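Peer 1: Have a look at this one before I ask anything.
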Amino acid sequence: MSPTEQELDAFREEVKAWFEENRPPEPDFLLPQSFMEVGTDEQFYYLRDWQNKVYEAGYLGMAWPEAYGGRGMDQAFQNVVTREMVRQQVPFMVNTIGLNWAGPLILMMGSEEQKQRYIPKILSAEEIWCQGFSEPDHGSDLGNAQLKAERDGDDFVLNGSKIWTSLGRHAKHMILLARSNPEANSKYEGLSFFLAPMDVPGIEVVPIKKLTGEYGFNQTFFTDARIPASSLIGGEGNGWKVAMATLMFERGASGGQAGGHAQMQRETSHLIDLARRAKRGGKPAIEDPLVRDQLVNYVMREKSIRLNSARSAHKALTQDWPHAISISGKYQITELTREMNEYALSLQGTNGAYYVGDPAAIERGLWHRAYFNAFSATIGGGTSQIQQNIIGERVLGLPKS
C-alpha cells in the first residue's frame, strides 16, 4: 500500500533533520562535482565514507529488497530522501554506477548468487563499480565493441581497452561489454556482458587529464586478463540485450535505482541568486528585462522536467506518448544543465575570466567548473545527438533517414 501524504510529510521532517545534523564537514581540498571528477584518494575516501554513513542510517536503497541489504520500502520514501539531499546540497553518492546501473541490472537479470554477492556492498560503498562500454576507436558505436573475451575453460581471457572509465582507479568491479564471438552472424550477436573483477593481473588503469585539470576519467587496458565465466550476466552471446537494459537505467528511462544524487546540481534558484548579485550597467543583472525573460525560461523548463517526472508514474497521463518522458529525460536534463551553466558565465561579464583557485573568481569558480564538466553528462549514456535520434525514431516514429 502506498504511503499517505501525512506519512511522507513526517518522514520528510525526519530526513531533513538528519541531514542538517549529519552533514559532513567541509574538507580542506576541492570536492568533485560528480562521480566523473573523482580523481584523488582523499576525494574518494571522503565520499565513500559519506555514502556508507547515509546507508547505515537507512537512507539509501530503501526500495531494494531487504534480503540484499535494502529496506523493502515504497519508492516514495527514497524519493523524499533524494530530493532532500539535492535541496541541502550535501555531497553526492560516489558509487553512482553501482547504485544506478549495475545494481538495478543485477537485481533484474542476475542470479541469486550474484545478488547476494554484489548488492549489499554496492549500497555500503564497500565495493565501487565502473563501466566498460566506450572504446577509443568506436565513439558512439557501442555495438562495434572490439575488446576480446576468449573462452578458456572456466575463464574468459580479455584483451583490448576501454575509455572514459570513471572511478576506474578505485573500482572493484566493472560492468563490461566485450566481444566473445567474432564469427557471429552480426556484430550484436557476438557480444557478452560481464560483472568483471578489476583486481586481476593484466588490468591497468591510466588516468586522463580533463580540461578542468582533474583526473576523473581513465583508460583501462586489458592484457591477457583472466576473469571467471561466473561473472557473465544474461548468458554468453546476449551482451547486447544486457547492455541495452543497462543504458535504460543509465538514461533514467527505467526505474529501480537505489537513490541518492549523482552530482552537485546547480539549479535555477542558484542562477537567480547569481543574477541578483551580478551587475549590468551598474545595476543588478536581474533588473534587465532580457535577463529576467531568460531566467523565467529556465525556471519553466526545470519545472516541466520535475512535473513530467511525476506525471510519468501515472499511465493515464502518458497514454498519448507512453515512452516520451522516460526516453527524453536524460537529454532534457543534461542540455538544460549545460545551457544554464553557460548562461551563468555570461552573467558574470569580465569576471567570467577568473577560474577555480583565483581569489577574484565568483563563488570560487564553481560555475566555470560546472560548465566544463556539464559536457561529460551530454556525452555519457549516448550523446545528445544520439538521444535526439532515439526520441525521433522511438517516440515520434520518424524514419531513420
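Peer 1: In region 211-260, what residues are of a type in the set (K, R) and either in a helix (DSSP H, G or I) or not assigned by TED's automatic domain parsing to the domain that holds Q146 (or both)?
Peer 2: Selection gives K241, R251.
Peer 1: Continuing with this model, one more query. So, in region 320-350, how many residues would count as being modelled with pLDDT under 80, within 20 Å of G380 (Cα to Cα) and either not aliphatic (A, V, I, L, M) or not assigned by TED's automatic domain parsing to the domain that holds R276 (or both)?
Peer 2: Residues in region 320-350 being modelled with pLDDT under 80, within 20 Å of G380 (Cα to Cα) and either not aliphatic (A, V, I, L, M) or not assigned by TED's automatic domain parsing to the domain that holds R276 (or both): 4 in total.
Peer 1: Same structure, new question: Search region 123-145 for residues that are buried (at least 22 other Cβ atoms within 10 Å of the Cβ) and pair each with any residue that is acidic (D, E) and not in a loop (DSSP other than H, G, I, E, B) when their beta-carbon atoms are under 9 Å apart and the residues are at least 6 apart or on different chains.
Peer 2: As it stands, the answer is A125/D49; Q131/E250, since those pairs meet every condition given.
Peer 1: Now for a separate question. Filter region 44-63 down to the residues that are closer than 19 Å to F11 by Cβ, in contact (Cβ under 8 Å) with a residue 40 or more places away in the chain and part of a helix (DSSP H, G or I) and list them by number.
Peer 2: V54, Y55, E56 - these are the residues of region 44-63 that are closer than 19 Å to F11 by Cβ, in contact (Cβ under 8 Å) with a residue 40 or more places away in the chain and part of a helix (DSSP H, G or I).
Peer 1: Among the residues of region 283-292, are any in a helix (DSSP H, G or I), free of Cβ contacts under 8 Å to residues at least 24 places away in the same chain and closer than 30 Å to E84 by Cα? Outline the logic, then answer.
Peer 2: First, pick out the residues of region 283-292 that are in a helix (DSSP H, G or I): 285-287, 289-292.
Filter again for free of Cβ contacts under 8 Å to residues at least 24 places away in the same chain, leaving 286-287, 289-290, 292.
From what's left, closer than 30 Å to E84 by Cα: 286, 292.
Yes, the conditions are met somewhere in region 283-292.
Peer 1: Would you check which residues across region 193-210 are outside any loop (DSSP other than H, G, I, E, B) and among the β-branched types (V, I, T) and list them? I'd like the intermediate steps shown before the answer.
Peer 2: Residues of region 193-210 outside any loop (DSSP other than H, G, I, E, B): 193-197, 203-208.
Within region 193-210, I203, V205, V206, I208 qualify.
Peer 1: Working carefully through the options A184, A229, A262, find the one that is among the hydrophobic types (A, V, I, L, M, F, W, C) and closer than 24 Å to Y45 by Cα.
Peer 2: None of the others qualify; the one that does is A262.
Peer 1: Is it the case, given these coordinates, that I208 is of a type outside the set (D, E), farther than 15 Å from E135 by Cβ and touching a strand residue (DSSP E or B) at 6+ places or on another chain (Cβ under 6 Å)?
Peer 2: The answer is no for I208.
Peer 1: While we're looking at this one, here's another question. For A275, state whether it is assigned to a helix (DSSP H, G or I), buried (at least 18 other Cβ atoms within 10 Å of the Cβ) and in contact with a helix residue (DSSP H, G or I) (Cβ under 9 Å, 6 or more places away or on another chain).
Peer 2: In short, yes.
Peer 1: Residues being assigned to a loop (DSSP other than H, G, I, E, B) and more than 18 Å from the chain's Cα centre (by Cα): count how many of those fall in region 116-170.
Peer 2: The qualifying residues number 12.
Peer 1: Inspect all residues belonging to region 183-192 and state whether any of them is at pLDDT 95 or above and in a strand (DSSP E or B).
Peer 2: yes
Peer 1: Report every pair of residues separated by at least 6 positions or lying on different chains whose Cβ atoms are under 7 Å apart, first residue within region 10-22 and more than 14 Å from K53 (Cα to Cα) and modelled with pLDDT of 95 or more, second of a type in the set (V, I, T) and surrounded by 12 or more Cβ atoms within 10 Å (Cβ to Cβ).
Peer 2: What qualifies is F11/V80; R12/V80.
Peer 1: Where residues in region 294-308 are farther than 15 Å from E339 by Cα and exposed (fewer than 13 other Cβ atoms within 10 Å of the Cβ), which of them is nearest to the chain's Cα centre (by Cα)?
Peer 2: R306
Peer 1: Looking at region 179-216, which of its residues are in contact with a helix residue (DSSP H, G or I) (Cβ under 7 Å, 6 or more places away or on another chain) and of a type in the set (A, V, I, L, M, F, W, C)?
Peer 2: L191, F193, F194, L195, A196, L211
Peer 1: Another question, if that's okay. Quickly run through region 226-248 and pick out the residues that are surrounded by fewer than 22 Cβ atoms within 10 Å (Cβ to Cβ) and of a type outside the set (A, V, I, L, M).
Peer 2: R226, P228, S230, S231, G234, G235, E236, G237, N238, W240, K241
Peer 1: Could you please let me know if L31 is of a type in the set (A, V, I, L, M) and either assigned by TED's automatic domain parsing to the domain that holds Y215 or over 30 Å from K209 (Cβ atoms) (or both)?
Peer 2: no
Peer 1: Name the residues in region 74-107 that are surrounded by 17 or more Cβ atoms within 10 Å (Cβ to Cβ) and either under 13 Å from I175 (Cβ atoms) or without any contact (Cβ under 8 Å) to a residue 40 or more places away in the chain (or both), would you?
Peer 2: Residues satisfying the conditions are N95, T96, I97, G98, L99, N100, W101, A102, G103, P104, L105, I106.
The values are calculated or read from the model by the stated rules, or taken from the named source; none is laboratory data. On a predicted model such as this, the values are computed, not experimentally measured, just so you know. For neighbour counting, all protein chains shown are included, and Cβ atoms are generated from backbone atoms with ideal geometry for every residue, glycine included.
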